[in-house]
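Quick notes on the structure that follows.
The values are calculated or read from the model by the stated rules, or taken from the named source; none is laboratory data. Just so you know, these numbers come straight off a predicted model, no measurement behind them. Neighbour counts are summed over all protein chains in view; Cβ atoms, including those assigned to glycine, are modelled from backbone coordinates with ideal geometry. Surface areas here come from the heavy atoms of the whole protein model, side chains and all, with no ligands, DNA or RNA. Shrake-Rupley method; radii C 1.70, N 1.55, O 1.52, S 1.80 Å.
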Amino acid sequence: MTTSRRQLIAGNWKMYTARAEAVRLAERIAGFDTTFADVLICPPFPWLIPVADALRGSPVQLGAQDVWPGANGAFTGGVSTAMLSELVTHVIVGHSERRQVVGENNELVRAKLGAVLSAGLTPILCVGESLATRESGDAESFVRGQLISALSECSPDERERCVVAYEPIWAIGTGRAASAADAESMATAIRTELNLMQAGAGESIRILYGGSVTPANAVETLAQPNVDGALVGGASLHADAFGAIVAAARH
Ligand code: PGA
């Protein structure tokens, strides 16, 4: 099946890389062939500027891993969209590591998403269920709830500017990726929910899969008609592996 949605392969470096390593990695990724997919990397905050320098002239895009809502203000440690918008095009919002470890709730995720959209940036909204939720058979309704909470107050135009990443918590960093069939099935459920929220929105919004994506499983997962790319953690720290995942994008 063909689709007009161009795939997006995004690398989330999390709290990894030293400065020299980050620049070296970005220099390699800057040379990737982006004919068939958009490529995005999200380094740690302090490396955004050196990585932006390394990417200059390359079609590879730069994103942030998180943001604090609001343009500026008395918030120690916060990084605002106003600070990021000179540097990045995308911002990851609601990653499960922040929801689970830092305790971010749906309300904060919604505020972050709104701030990113207001700044004219593209949010990558992460959703995904825990193992217990999956085993109880409630994964789809749980993910639907996260989507509704984050997106129901957006304007139609804003909603269409979002990217959604389905990242089952049990698959992140575990080496246990969701099967291509499970990724496709949840991506389809997400698309259906987006279309219910706004007729047609589900057809244009890109839905990524994330969780232990490797060159070995990327080919089958990225061949699924409703999977429009990948959010890659561990494998994005290795230029060869990340390059192989980019090369696996739908042609
Ligand atoms: P992983 O991380 O590829 O290392 O599982 C994915 C993510 O958390 O975005």
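Suppose we filter region 83-111 for residues that are within 18 Å of A10 (Cβ to Cβ), away from the ligand (no atom under 16 Å from the Cβ) and either in a helix (DSSP H, G or I) or open to solvent by less than 40 Å² (accessible area, probe 1.4 Å) (or both); how many remain?
Counting residues in region 83-111 that are within 18 Å of A10 (Cβ to Cβ), away from the ligand (no atom under 16 Å from the Cβ) and either in a helix (DSSP H, G or I) or open to solvent by less than 40 Å² (accessible area, probe 1.4 Å) (or both) gives 2.
What's the total number of residues in region 40-70 that are of a type in the set (D, E, K, R) and part of a loop (DSSP other than H, G, I, E, B)?
Adding up the residues that qualify gives 2.
I'd like to check something: does region 147-165 contain any residue that is surrounded by 16 or more Cβ atoms within 10 Å (Cβ to Cβ), closer than 17 Å to I9 by Cα and away from the ligand (no atom under 16 Å from the Cβ)?
yes
In region 179-200, which residue that is touching a Gly at 6+ places or on another chain (Cβ under 7 Å) and open to solvent by 20 Å² or more (accessible area, probe 1.4 Å) is nearest to the ligand (Cβ to nearest atom)?
Here the answer is T192.
Inside region 201-223, can you point out the residues that are more than 9 Å from the ligand (Cβ to nearest atom) and open to solvent by 40 Å² or more (accessible area, probe 1.4 Å)?
Residues satisfying the conditions are E203, S204, R206, P215, A216, N217, V219, E220, A223.
For G73, work out the one condition from (1) outside any helix (DSSP H, G or I); (2) in contact with a Ser or Thr (Cβ under 7 Å, 6 or more places away or on another chain) it doesn't fulfil.
The number of the failed condition is (2).
Tell me which residues, restricted to region 155-201, are in contact with a strand residue (DSSP E or B) (Cβ under 7 Å, 6 or more places away or on another chain), outside any loop (DSSP other than H, G, I, E, B) and touching a residue at least 60 places away in the same chain (Cβ under 8 Å).
Scanning region 155-201 gives V163, A165, I190.
If you check R176, R134, which single one turns out to be surrounded by fewer than 19 Cβ atoms within 10 Å (Cβ to Cβ) and within 16 Å of the ligand (Cβ to nearest atom)?
Just one listed residue meets the conditions, R176.
Take L55 and tell me if it is in contact with a helix residue (DSSP H, G or I) (Cβ under 6 Å, 6 or more places away or on another chain) and either modelled with pLDDT under 95 or open to solvent by less than 20 Å² (accessible area, probe 1.4 Å) (or both).
yes
Can you run down the residue pairs with Cβ atoms below 9 Å, 6 or more apart or on separate chains, where the first is in region 224-251 and in a strand (DSSP E or B) and more than 10 Å from the ligand (Cβ to nearest atom) and the partner is open to solvent by 30 Å² or more (accessible area, probe 1.4 Å) and of a type in the set (D, E)?
G229/D38
With the structure loaded, tell me whether R144 is of a type outside the set (A, V, I, L, M), open to solvent by 50 Å² or more (accessible area, probe 1.4 Å) and more than 15 Å from the ligand (Cβ to nearest atom) or whether it fails that test.
Against the criterion (of a type outside the set (A, V, I, L, M), open to solvent by 50 Å² or more (accessible area, probe 1.4 Å) and more than 15 Å from the ligand (Cβ to nearest atom)), R144 qualifies.
Which one is farthest from the ligand (Cβ to nearest atom), of the residues in region 1-39 that are within 19 Å of V88 (Cα to Cα), open to solvent by less than 90 Å² (accessible area, probe 1.4 Å) and in a loop (DSSP other than H, G, I, E, B)?
Here the answer is G31.
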